[in-house]
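The values are calculated or read from the model by the stated rules, or taken from the named source; none is laboratory data. Because the structure is predicted, anything quoted here is derived from the model rather than measured. Here the Cβ positions follow ideal geometry from the backbone for every residue, glycine too, while neighbour counts run over all protein chains shown. We work out accessible area using only protein heavy atoms, side chains counted, and drop any ligands, DNA or RNA first. Shrake-Rupley method; radii C 1.70, N 1.55, O 1.52, S 1.80 Å.
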Amino acid sequence: MAADFGIDRVATARLVGRRPELADAEAWARWYTDPAVDEAAWPEHLRTGEDALPNVQETIRHWERWGFGRWTVLESGTPVGYAGLGHARLEGRPEVELAWYFDSAVWNRGYATEMAREAVRVAFEMLELDDVVAYTTPANAPSLAVMAKLGMTYEREIEHAGLVHVLYRLGR
């Protein structure tokens, strides 16, 4: 059962999600450069340490503009990943994307599913969205498993960041 703090700060049984802060860039850079990440799932050239600060800044700007976004996820006060919602443009169409990414040190604990479920709750109950999308490379089996656990439906292949991705959708 989720403790409801609002959109800026959410909590599940084990995790807290809060709006990102510039200081989070150090943790994001560590996750991006983790050699445990499968190159076929997310190629290293698309997740460099130098990308972390601009991505945190972009996420902060998204929050400021739209009033929602990706949370930095904390386990016992320590950043262990990010998850949440964000505007995306896919094949020229505006969408709201459900996204997550976690430190390999906490993989296989169900954190991605736990926080993605919380983001879905916020999307449908608080933001009153009709649907959300998620996409990943076909090789990213863990993310595909999260999409399946959420009940998302495969829609089609798309190109994103120069790579083939699979697009899934979940309606309210």
Can you pull out every residue in region 22-66 that is in contact with a helix residue (DSSP H, G or I) (Cβ under 8 Å, 6 or more places away or on another chain), at pLDDT below 90 and of a type in the set (A, V, I, L, M)? Ala36, Val37, Ala41
Can you confirm whether Thr72 is touching a helix residue (DSSP H, G or I) at 6+ places or on another chain (Cβ under 7 Å), surrounded by 14 or more Cβ atoms within 10 Å (Cβ to Cβ), outside any loop (DSSP other than H, G, I, E, B) and of a type in the set (Ser, Thr, Tyr)? yes
Subset of region 20-57 (residues that are of a type in the set (Phe, Trp, Tyr) and in contact with an Asp or Glu (Cβ under 7 Å, 6 or more places away or on another chain)): Trp31, Tyr32
Scanning region 8-46 residue by residue, those among the charged types (D, E, K, R) and under 18 Å from Gly84 (Cβ atoms) turn out to be Asp8, Arg9, Arg14, Arg18, Arg19, Glu21, Asp24
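Matching residues to (1) open to solvent by 70 Å² or more (accessible area, probe 1.4 Å); (2) at pLDDT below 95; (3) over 18 Å from Asp8 (Cβ atoms); (4) out of contact with any Cys (no Cβ under 6 Å at 6 or more places or on another chain):
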position: Phe68; (1), (2), (3), (4): no, no, no, yes
position: Gly86; (1), (2), (3), (4): no, no, no, yes
position: Arg89; (1), (2), (3), (4): yes, yes, yes, yes
position: Val106; (1), (2), (3), (4): no, no, yes, yes
position: Glu118; (1), (2), (3), (4): no, no, no, yes
position: Leu129; (1), (2), (3), (4): no, no, no, yes
Enumeration of residues in region 91-100 that are in contact (Cβ under 8 Å) with a residue 60 or more places away in the chain and surrounded by fewer than 18 Cβ atoms within 10 Å (Cβ to Cβ): Glu91
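Which of the residues belonging to region 34-48 are part of a loop (DSSP other than H, G, I, E, B) and either charged (D, E, K, R) or open to solvent by 80 Å² or more (accessible area, probe 1.4 Å) (or both)?
Result: Asp34, Pro35, Asp38, Glu39, Arg47.
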